[in-house]
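The block underneath contains the structure these notes are about, expressed in structure tokens.
The values are calculated or read from the model by the stated rules, or taken from the named source; none is laboratory data. If you're wondering where the values come from, they're calculated on a predicted model, not measured in any experiment. Using ideal geometry, Cβ is built from the backbone for each residue, glycine included, and neighbour counts are taken over all protein chains shown.
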């Protein structure tokens with residue numbers, strides 16, 4: 001009788017986990033949207049089309065990023081090496097890039113305002129990933145963890161003392177999306193429902209229709225969205241009283257509605273993400289390089305006003321979109337990675353009482369869960 005298929009075999013070499021290009025494609029698409037959202041931000045003051053596009057992008061791109069990060073997170077009690085990784089992958093880069101922002105602001109604006117408790121521009125998500133990791137093992141102990149995260153996200157909007165300090169307001173606001181990603185992996189939903197298989201034409205057409213409807217809604221309702229300051233609602237970083245003058249009981253319903261819209265758009269986005277490997281797939285493994293560096297590239301444009309009063313919109317908006325993709329590819333290129341690896345993937349061996357727990361150089365993983373193939377040559 002042959003042995004059972006799941007029986008352990010003495011001396012057997014474990015097979016390497018098959019890499020799924022889909023997730024790298026999704027990461028790449030998300031990071032392009034991050035760069036695009038920041039690039040067109042100044043255009044929104046002069047162009048209604050740019051503002052409508054901005055609203056659609058911000059309605060779902062960070063929730064999608066949080067879902068992906070949660071999908072590759074584990075709720076098991078962390079090992080010493082995993083705890084060290086929170087320090088080397090999140091805390092140390094956060095301090096390094098905060099210092100770089102202090103220097104930049106000091107040189108350009110003359111007001112560096114050093115304050116580690118207030119993340120500069122894009123650095124909030126780095127802190128959020130660290131907090132997500134820390135709280136996930138506790139959330140996993142609870143019954144109905146997703147429900148609790150939704151209640152937390154809605155509830156913090158009633159608390160004006162929960163603010164941008166250590167990006168806590170945004171972290172708790174986006175927590176349900178991170179928890180959803182973990183829940184999908186924990187319950188094997190993606191595999192059981194075969195969500196990574198190539199989708200039928202009607203599914204892709206439906207996803208495109210969802211985005212078309214979102215774009216039309218953003219465009220047609222633009223006066224209302226501007227009146228209610230919708231762009232800032234989508235940041236999840238302000239209490240309800242900031243928008244409404246006080247915090248009426250129904251204010252949390254606005255955030256709940258935005259979360260439902262984000263889920264629908266995220267679902268459509270994940271349907272449209274290509275399933276196979278393409279020339280851009282490998283760039284999805286370097287999202288942290290792009291995320292941390294792109295704001296320095298866009299900062300001169302943002303501060304100089306170069307992206308204001310650009311007419312006609314039909315010409316400049318597509319050009320800025322193309323520029324966003326070019327910046328994304330440039331910052332994921334090998335020379336840039338080689339130059340900035342000590343800042344973005346620091347080993348920080350000297351920090352630890354036991355240097356043996358220090359993550360290895362070139363380990364090929366970042367806080368979003370992106371793990372690179374072992375065969376990748378070193379830069």
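Data table
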| item | result |
| --- | --- |
| Qualifying position, being in contact (Cβ under 8 Å) with a residue 40 or more places away in the chain and in a helix (DSSP H, G or I), among 339, 343 | 343 |
| Single unsatisfied condition, residue 74 versus (1) farther than 24 Å from residue 263 by Cβ; (2) outside any helix (DSSP H, G or I) | (1) |
| Subset of segment 346-361 [surrounded by 11 or more Cβ atoms within 10 Å (Cβ to Cβ) and part of a loop (DSSP other than H, G, I, E, B)] | 346, 347, 348, 352, 358, 359, 361 |
| Residue that is in contact (Cβ under 8 Å) with a residue 60 or more places away in the chain, surrounded by 14 or more Cβ atoms within 10 Å (Cβ to Cβ) and in contact with a strand residue (DSSP E or B) (Cβ under 9 Å, 6 or more places away or on another chain), where the choices are 281, 285, 313 | 285 |
| Helices (runs of 4 or more DSSP H) contained entirely in segment 174-282, each with at least 3 residues that are under 24 Å from residue 44 (Cα atoms) and in contact with a helix residue (DSSP H, G or I) (Cβ under 8 Å, 6 or more places away or on another chain) | 201-220, 222-227, 230-233, 240-244, 251-272 |
| Enumeration of residues in segment 262-271 that are over 16 Å from the mean Cα position of the chain (by Cα) and crowded, with 18+ Cβ neighbours inside 10 Å | 268 |
| Test: residue 182 is surrounded by 15 or more Cβ atoms within 10 Å (Cβ to Cβ) and free of Cβ contacts under 8 Å to residues at least 12 places away in the same chain | no |
| Pair list, Cβ < 6 Å and 6+ apart or interchain, from segment 134-150 residues that are exposed (fewer than 14 other Cβ atoms within 10 Å of the Cβ) to residues that are assigned to a helix (DSSP H, G or I) and modelled with pLDDT of 95 or more | 142/148 |
| From 100, 116, 107, residue being assigned to a loop (DSSP other than H, G, I, E, B) and at pLDDT below 95 | 116 |
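A quick yes/no check of all residues on (1) without any contact (Cβ under 8 Å) to a residue 40 or more places away in the chain; (2) buried (at least 21 other Cβ atoms within 10 Å of the Cβ); (3) out of contact with any strand residue (DSSP E or B) (no Cβ under 7 Å at 6 or more places or on another chain):
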| position | (1), (2), (3) |
| --- | --- |
| 27 | no, yes, yes |
| 32 | no, yes, yes |
| 36 | no, yes, yes |
| 43 | no, yes, yes |
| 51 | no, yes, yes |
| 96 | no, no, yes |
| 100 | no, no, yes |
| 105 | yes, no, yes |
